[in-house]
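Asks: The structure's right below; bear with me while I get my questions together.
Rule-based calculations on the coordinates, nothing more; no lab input. Bear in mind the structure is a predicted one, so any value in this text is a computation, not a measurement. In this analysis, Cβ positions are derived from the backbone assuming ideal geometry, glycine residues included, and neighbour counts consider all displayed protein chains.
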Amino acid sequence: MHNHHELSRRSFLGIGLGGVLTALTGAEVNASEAVQKGTGRAKRVLVIFEQGGVSHIDTWDPKPDTPIEHRSPFKPIKTNADGVYFTELLSKTARFANKLTVVRCMTQPTPGVGNSHPKGSQYIYSGEASGGPVDMPDISSVVASRMGTGALYLPSNILVPGTSEQAEMSRVGFLPPGFAVFKSGGSPADPNWRVPNLGLLAGIDERRFKDRHDLLSSLDVGYVNAGGAKDVEAMRSLMVQATDMLTNPLTRKAFDMNTESASVCEKYGTGHRGQCYLLARKLIESGVRYVTVDVREPQNSYKNGSTMSYPGGSNMNWDHHDAIYSTSHTNIPNGGAGAGRYGIATWPMMGSTDQAFAALIEDMNDRGLLDDTLVCFVTEFGRTPHINDRQGRDHWTHAFSFAFAGAGVPGGQVVGSTDRDGGYITSSMAYTIEDYAATIYEKLGIDRSKPIYTPTGRPIFLAARGKPIAELF
Amino acid sequence: MRQVGFWKSVIIAVCVICYSQAVSGSATAVPERIVVSPSEIRLDSKRAYRQIVVTGYFKGSEFDLSSSAKILTVDSNIVHLKGSRITPAGNGHTTVKVIAAGKTVEIPVSVSNFTKPDPVRFTFEALPILTKQGCATGSCHGSPHGKGGFSLSLLGYDPQIDRISLTRDGLSRRVNVMEPAESLMMKKPLLEIPHVGGKRLRKTDTGYSIIREWIDEGADIAIPTAECIRITITPGSGRVLHAPYLCQQISVVANYSDGSTRDVSAISTYESSNTSVATVDADGLITGHGRGQTAISVRYLDKLQSVNITLVEDIPGFVWKKTPENNFVDKLVDDKLKQLQYLPSPTCSDQVFIRRLSLDLTGMLPSVALTRAFLKDSSPDKRENLIRNFLNTEEYARFWALKKADLMRVSLAKLKQKEAEGFSRWIVDAVRSNMPYDQFARTILTSSGSVEKSPSAGYFLAIPTTEERTELTAQVFIGSRLECAKCHNHPFENWTMRDYYSLGAVFARTQASNGTVRLARTGESLLPTTKEVMMPWGLPKHATIESSNMDRRSLFVEWLTKKGNPFFAKVEVNRIWSELTGRGIVEPVDDFRSSNPPSNKLLLDALAQEFERSGYDRKQIIKLICSSQTYQRSTQTNKFNESDDVLFSHARIRELTAEQLKDALGLTTRSLPSTDTVPSRRMQLESQLQDETRVHETTYVSWLNEQKNDIHSLPYWLGSWKMAGPYKISDDLNPVKFDTEWTLKNDIKDGIPFELRNEPDQVYFLRRTIHCAAPTEVEVKLSSNAASMWLNGKLLSPKLTDGEYRIKVKLESGDNNLILKSAHKMANSNIQVNVSVAATAKSGSSKKLSSTLPFAFEILANTASLSKDENQTVHDYFIESDTARKALQDKIDGLDNRMEYATQRPYPEASAFTITFGQPLRETACTCERRKSPTLLQALELLNGDTSFKMAEAGSEYYSQLDNKSLVEELYLSGLSRLPSGKELDTSLAYIANEPIRKNAVTDLIWTLMNTQEFLFQH
């Protein structure tokens, strides 16, 4: 759990190299200065959480020298950044590598979390492993509570799309429920999709809502001389805010997919994933503080506004225990826990992901959103360098990759390295989920030396065991 | 607020000068006498000192004169002065003169051991400094991961951690005995080198000299055998400061187990619970800032004690006006209001009273008929009558049971539905019969056996771990949040880890599983830091751990429910008070601690005494509070009480709880029938049920024949399990020829593990029939930790199998007899068995033999003509299998459990609506789980939510039948328990007249009323 500097410091001390100690301490100071320079660059955060454990060696961290029986079939390709290679599954994203930093030395050494997707997901959401004395709220909820909203008529913390999958993983914890994530629900790829509770109900048009509201204004005399009744005041102002959300055309516009041109929609991909990425960009553009995309293609998805389906697919996340290189579903005879996915190279997996992520980076860059939006592409862990006897890859927590862009994150950069097979980190630095959380807080300029408090008064420090990833600042 | 602002300016000018100059302006303020504490001083070390406290007595009031008193030393070779602290200068005897307000008191002083070395003691002196300077707090190095790589135990609870951390970790640079000034312990807090925590120490601080001396002397980290057993604070609790005399010095003396005492005023840590009333500095000097009450908590090592300070000031224009006093509650509340100069609000109207009382006692709005009758009633005791009537309703029993069930986690997440319903029903019965609260606590906390026989065992079933039981019991019955003390001593209270684990010892032998609570003969609770076995809480003094071999829980309950227990009665009356007024006298209600004092101590004490006197009669306390003027005050404030939020000078406006709101919406819109209709609706369903049974009955014979045919055409079937035992293992038992009474165990399902509770050397037998039309090869899977299996008299598995076995066997055509024998030599261990039978692929059928035949069919399969009993069983099954009948029965059960009423059901509705409005899911024991402040989602739900939309639509169906005026009046009476004002009526009528579709207008009107503050809040 200690960061690499401290580990190095200890090991050097062990062999008595005092001089090196000073040099290293110097480096530490420089790194933290760099962090300070980039602190507060982000106004908003967009997290793409691809759940299930994306195989790093098939995507961000190509390993062409792995022995053939375990090697990824996908060749390394050049990107538009000098010396930076991805696999061909990221061929579209490769055209924007000059906007990205890929961190190949992510690691997740917390015992017990490696085998559990719910725990691993909660780890990503909250930046802290579950099971401590207090369960950390989501990073997004903490950010909402510390920074408030960027657009009054919209929730400050939105999850796209948000399904029952995240019922337990995303949590507001001890923070007031107002900071809980708002789920956009359904699929923005569905032409009939509406956001729950943010559009007026069927049967109540704007005129009728206005009539009702006028009547309410004249009949709701409220309380006079209600000394000290804070809740009365709070409810009054919340009603005003809620009315604004319901009637402000900008609220609907932020969720209205029809305001996007057909060419933009196609650029992202017209399936569920592409449109979720696009909705995230719209919400960021509307001023939402923190948007998380946690998406997988449903078995019954969409294409150009019409329904289509993926036969044999059920829970199509990245948990490729079986037949990872299948060109369709992964339901093999005597298969294991990896049934119901689609092979990593298929459209509902890397196909749509590569397309949507490339479009997102290009689009956000064109709109100037990358200046002050931190974009993170994350997953719970990587997958084994060895292919198992069901032609799948299992969970691998020792090394995996995240990608970052925007808010001052250097472009065309690779941080850290892994060994020939992608199994273990070989670079001097290694970063944890806690470091990822600390990076987000630091990028937003949130003072981590100030704790937040639980209702019983226990001080909680944000990403207490993490240090920001210095290379991103 | 105005008064506070005014006094702030006066006080800021006054507090610095405290007594002396303030008094000079007031000729009358000459004390009758002054008292100096202590009256005699002995200093037995060159580092000892004594803080003196000087008090002047003025016509029944006391003022602190410590900082203004002139102190003179007679012999400066023996004593020196440091402010109002006496410090030694040499051995000998002398006196000091204390002159205050013209009076003089002489204090004898003796100094000894002045020339003897007295090194700084690490535990008693250095550690408290780390707490005092803020180093060891939870937000600094006392946090679980420390700060900057330097970690201390929270507020010094574990010297073992701290000594290593200070002198060994951090490359031993924290303490440098060769060059003390180079120690990080000195340089960092002095900010001589960068310190993230900032400057925490000044060279003038007492702490500086102590830490410096400690390092100079070699940083000894010996842990003494003696410990601090008590601290004594002068003056004690209850001091009243009268503006403009706003200062108070306190002194702290520690008593150690070796008999020694020492003044620790300079190294104790002080904190004020309400800094807008008074602050306290590092030397223990309190300075008042504005009227009100605060607790000054004093910490020295693990001892924490508080003194309550009241600050009184004159409010310009304030004149006390006597209001009616209905009982002692009002007298005690008014005394406090008079003292602090708040003017109470007048009595609320009848309309407000009936709505408030009904919501408080039944959870629901009063019916229109009841409201009309109450408003018309002119008898003087009608409010009393209403209170009595509500207390006798079923709604009261259920709503007040819900509050208890919230805390005791009665939810489907923790309990099976039957358990939850049973436990909940037990609580309802207890509330309905007004079970004395001590009996309630005793029954719950000592419950044993199966949940069917003793439903209160649900308490332990819902909280299976010792930790949860410790924390829940402390929170519910002791009103304290003990969970902090699980890992470290409580930061704001005296609760220590020892307390936590000795309460844990009470429950260490209580086991709960499979719907049953049992007491084990072993099981201890260990203190995690030392692995010491903790004595269970409640064990008499000097008892040994062996003497606790009885039900430890009853010893604890005896301690808990004994009259005069410092928590039990107070905690419960405070909860009742909070439920009725919206705020506890101690708030939060489960956070009793000396640093969180009651806002009216005498009131809390008197209520607790009354509760004890009445034999813990909760209804009596509710009646007392509801009858008081205090409860019946208006929420409208005046300029002399608008700033009061804690002394109950006016009623509080409270948001309806999730359950209250849900039912209020339902009742107002008539989408929920009144609870009055429950009996008639039940009767109707009963008669439908009878009709259905009668019709169904006519098909019995044809059904019977049909089933017989079906069964005989089955290729195979499995019979239900039957059980015999337990027997002694020594008995000669032959499972094959065994002939005995078999009991049906049809709760055992194929492929699902089941448990047999075994005493040592006990044996159980289980038997089932497998019937095959033709010989079939099957695979029998057995997984168990102690069982063996016979098929048709042949042993299939090794004896007492431990593990999983798969055995292929051929079943004969006709009945096959499978017998299982379980035995265990270990005490208190469960035997787990899991059996399944499947046809193998070879047998030509890939089907699992999974469908166990219902026992009734087994009878049909085996018997040509049924005996009377057998016929009864089959007939019962036939009746039970009628789905229409089952649906009716479910409806009746639902009505009995009042499932449609959120305020009345046995476990939470947990719908999106109720959760949005803060309904607790009963996951913790904390009343804070119920969210009380409004949220944006609530506003969205009310304005635009599906539930409120549908309810308004439904309401329109009913109200549209009435003429315009009646419907508006009926709506106001339903939702707000009052008639509309002339203006409200006009506005409403105009709205209906202007809207082309009348029904829509009525819907809009209902929607509007539902969204008014008056509806959403209780007032």
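Asks: Can you compute the helix-only [θ] at 222 nm over chain A? Use -39500 (n - 2.57) per DSSP H run of at least 4 residues, normalise by all residues, nearest 500 deg cm²/dmol.
Replies: After summing the helix terms and dividing by the residues of chain A, the value is -9000 deg cm²/dmol.
Asks: Still on this model: Pop the C-beta distance of A:Ile332 and B:Arg432 into the FRET formula with R0 = 41 Å and round what comes out to the nearest 0.05. Working shown, then result.
Replies: Values: r = 61 Å, r/R0 = 1.50.
For A:Ile332 and B:Arg432, the calculated efficiency is 0.10.
Asks: Right, something else. Can you list which of the GluC sites (Glu not before Pro) found in the stretch B:140-226 are DSSP loop residues with at most 16 other C-beta atoms within 10 Å?
Replies: Numbers: sites: B:Glu182, B:Glu192, B:Glu213, B:Glu217; in loops: B:Glu192, B:Glu217.
Passing sites in the stretch B:140-226 are B:Glu192, B:Glu217.
Asks: Now a separate question. Treating only the Cα positions of the protein assembly as shown as identical point scatterers, give the base-10 log of I(q)/I(0) from the Debye formula at each q in 0.05, 0.09 Å⁻¹.
Replies: Scattering profile of the protein assembly as shown, log10 relative to I(0): -0.53, -1.59.
Asks: Let me ask another. Which of the residue pairs A:Lys450/B:Lys601; A:Lys450/B:Lys403; A:Lys75/A:Lys119; A:Lys467/B:Lys486; B:Lys331/B:Lys639 have a Cα-Cα distance greater than 25 Å in the structure shown?
Replies: Details: A:Lys450/B:Lys601 36 Å; A:Lys450/B:Lys403 36 Å; A:Lys75/A:Lys119 33 Å; A:Lys467/B:Lys486 29 Å; B:Lys331/B:Lys639 22 Å.
Exceeds cut-off: A:Lys450/B:Lys601; A:Lys450/B:Lys403; A:Lys75/A:Lys119; A:Lys467/B:Lys486.
Asks: A follow-up question, please. Run the simple label-point estimate for A:Ser306 and B:Asn705 please: 7 Å along Cα→C-beta, distance reported in nm.
Replies: Those two pseudo-labels are separated by 5.8 nm.
Asks: For B:Trp214, B:Trp559, what's the fewest-to-most ordering of other Cβ within 10 Å of each Cβ? Before the final figure, lay out each step's value.
Replies: On the way: B:Trp214 24, B:Trp559 15.
Ordered by Cβ neighbours within 10 Å, fewest first: B:Trp559, B:Trp214.
Asks: Now for a separate question. If I stretch the segment between B:Thr115 and B:Gln339 completely, what's the gain in nm (0.36 nm per residue apart, minus their alpha carbon distance), one decimal? Walk me through the intermediate numbers first.
Replies: Working: separation 224, 0.36 × 224 = 80.64 nm, distance 5.23 nm.
Going from the current span to full extension adds 75.4 nm.
Asks: Assuming R0 = 51 Å, what is the FRET efficiency of B:Glu755 and B:His145, from their Cβ-Cβ distance, to the nearest 0.05? Before the final figure, lay out the partial values.
Replies: Values: r = 41 Å, r/R0 = 0.81.
E(calc), rounded to 0.05, equals 0.80.
Asks: Grab the DSSP H runs of chain B that are 4 residues or longer, score each as -39,500 (n - 2.57), total them, divide by all residues and round the 222 nm result to the nearest 500 deg cm²/dmol. Numbers along the way, then the final one.
Replies: Details: 33 runs with 360 residues, N = 1019.
When only DSSP H runs of four or more count, the value is -10500 deg cm²/dmol.
Asks: Using a cut-off of 27 Å between alpha-carbon atoms, which lysines can reach B:Lys103, once sequence neighbours fewer than 8 places away in the same chain are excluded?
Replies: Within the straight-line cut-off, B:Lys103 pairs with B:Lys59, B:Lys70, B:Lys82.
Asks: By how many nm would the segment from B:Val240 to B:Leu412 lengthen if fully extended, with 0.36 nm per residue of separation less the alpha-carbon distance? Each step should come with its number before you reach the end.
Replies: Numbers: separation 172, 0.36 × 172 = 61.92 nm, distance 5.08 nm.
The B:Val240-B:Leu412 span can extend by a further 56.8 nm.
Asks: Would you order B:Leu391, A:Leu201 from fewest to most other beta-carbon atoms within 10 Å of each residue's own beta-carbon?
Replies: On the way: B:Leu391 19, A:Leu201 16.
Going from sparsest to densest Cβ surroundings: A:Leu201, B:Leu391.
Asks: Let me ask you something else. Can you give me the Cα centroid spacing of the stretch B:640-696 and the stretch B:947-963 in angstrom?
Replies: The stretch B:640-696 and the stretch B:947-963 have Cα centres separated by 17 Å.
Asks: Right, here's the next one. Which trypsin sites (Lys or Arg not before Pro) in the stretch B:84-133 sit in a loop by DSSP (not H, G, I, E or B) and have at most 12 other Cβ atoms within 10 Å of their own Cβ? Intermediate values should be presented prior to the final figure.
Replies: Working: sites: B:Arg85, B:Lys97, B:Lys103, B:Arg121, B:Lys132; in loops: B:Arg121.
Nothing satisfies the criteria.
Asks: Another one. For peptide A:455-465, how many partner chain Cβ atoms fall within 10 Å of a residue's Cβ, on average?
Replies: Numbers: counts 6, 10, 6, 7, 7, 3, 6, 0, 0, 5, 2.
That works out to 5 on average.
Asks: With r defined as the distance between the Cβ atoms of B:Val30 and A:Asn225 and R0 fixed at 45 Å, what FRET efficiency is calculated, to the nearest 0.05? Walk me through the intermediate numbers first.
Replies: Working: r = 44 Å, r/R0 = 0.97.
E(calc), rounded to 0.05, equals 0.55.
Asks: Ignoring the sites themselves, what is the longest stretch of chain A with no GluC sites (Glu not before Pro) in a DSSP loop and at most 14 other beta-carbon atoms within 10 Å? Each step should come with its number before you reach the end.
Replies: Values: sites that count: A:Glu69, A:Glu168.
After excluding every exposed loop site, the longest remaining stretch is A:169-473.
Asks: Another question, if that's okay. Which trypsin sites (Lys or Arg not before Pro) from the stretch B:379-416 combine a DSSP loop assignment with at most 10 other Cβ atoms within 10 Å? Mind dumping the intermediate values first?
Replies: Working: sites: B:Lys382, B:Arg383, B:Arg388, B:Arg398, B:Lys403, B:Lys404, B:Arg409, B:Lys414, B:Lys416; in loops: B:Arg409, B:Lys414, B:Lys416.
Answer by residue number: there is no such site.
Asks: Positive end of the charge dipole of the protein assembly as shown (Lys, Arg +1 and Asp, Glu -1 on Cβ, about the Cα centre): tell me which of B:Ser447, B:Gly955, B:Ile210 has its Cα farthest that way.
Replies: B:Ile210
Asks: Along the Cα-to-C-beta direction of B:Ser813, a point sits 7 Å from the Cα; which residues of the stretch B:700-729 have their amide N less than 17 Å from that point?
Replies: The answer is B:712-717.
Asks: Another question about this same structure. At B:Ser911 and B:Thr465, where each label point lies 7 Å from the Cα along Cα→Cβ, what is the point-to-point distance in nanometres?
Replies: In this crude label model, B:Ser911 to B:Thr465 measures out at 3.4 nm.
Asks: Still on this structure, please answer the following. Counting Lys +1, Arg +1, Asp -1, Glu -1, what net charge surrounds A:Gly422 among other residues with beta carbon under 13 Å of its beta carbon?
Replies: On the way: positive: A:Lys63, A:Arg71, A:Arg104, A:Arg383, A:Arg393, A:Arg420; negative: A:Asp58, A:Asp61, A:Asp65, A:Asp419, A:Asp421.
Taking every Cβ under 13 Å from that of A:Gly422, the sum is +1.
Asks: Next up: Looking at the protein assembly as shown, what % of its DSSP beta bridges pair antiparallel, to the nearest 5?
Replies: Details: 141 of 171 bridges.
The antiparallel proportion sits near 80 percent.
Asks: Only residues of the stretch B:284-298 count here: report those whose backbone N is under 19 Å from the spot 7 Å along Cα→Cβ of B:Glu213, or say none.
Replies: What the label zone holds, given the 19 Å backbone N cut-off, is B:284.
Asks: For the stretch B:79-170, what D do you get in µm² per second when you plug the Kirkwood radius from alpha-carbon pairs into Stokes-Einstein at 20 °C and 1.002 mPa s? Please report the intermediate quantities before stating the final value.
Replies: Values: Rh = 16.3 Å.
The Stokes-Einstein estimate is 131 µm²/s.
Asks: Let me check against my output: what whole-number percent is the relative contact order of the stretch B:473-602, with C-alpha pairs under 8 Å and at least 6 apart?
Replies: Details: 163 pairs, mean separation 32.4, N = 130.
The normalised contact order for the stretch B:473-602 reaches 25 percent.
Asks: Can you give the three extents of the C-alpha atoms in chain B along their principal axes, from longest to shortest, in whole Å?
Replies: Principal extents (Cα only, largest first): 116, 83, 53 Å.
Asks: Expressed in nm to one decimal, what extension gain is obtained for the pair B:Glu870 and B:Leu714 from 0.36 nm per residue of sequence separation less their Cα-Cα distance? Don't skip to the answer; put the middle values down first.
Replies: Working: separation 156, 0.36 × 156 = 56.16 nm, distance 2.12 nm.
Result: 54.0 nm gained on full extension.
Asks: In addition: Could you work out the mean projected area of the convex hull around the alpha carbons of the stretch B:579-653, in square nanometres to one decimal?
Replies: Averaged projected hull area, Cα only: 5.5 nm².
Asks: Can you sort A:Asp138, B:Asp44, B:Asp986 by how many other beta carbons sit within 10 Å, fewest first? Walk me through the numbers before you get to the answer.
Replies: Values: A:Asp138 27, B:Asp44 16, B:Asp986 12.
Exposure proxy ranking, most exposed first: B:Asp986, B:Asp44, A:Asp138.
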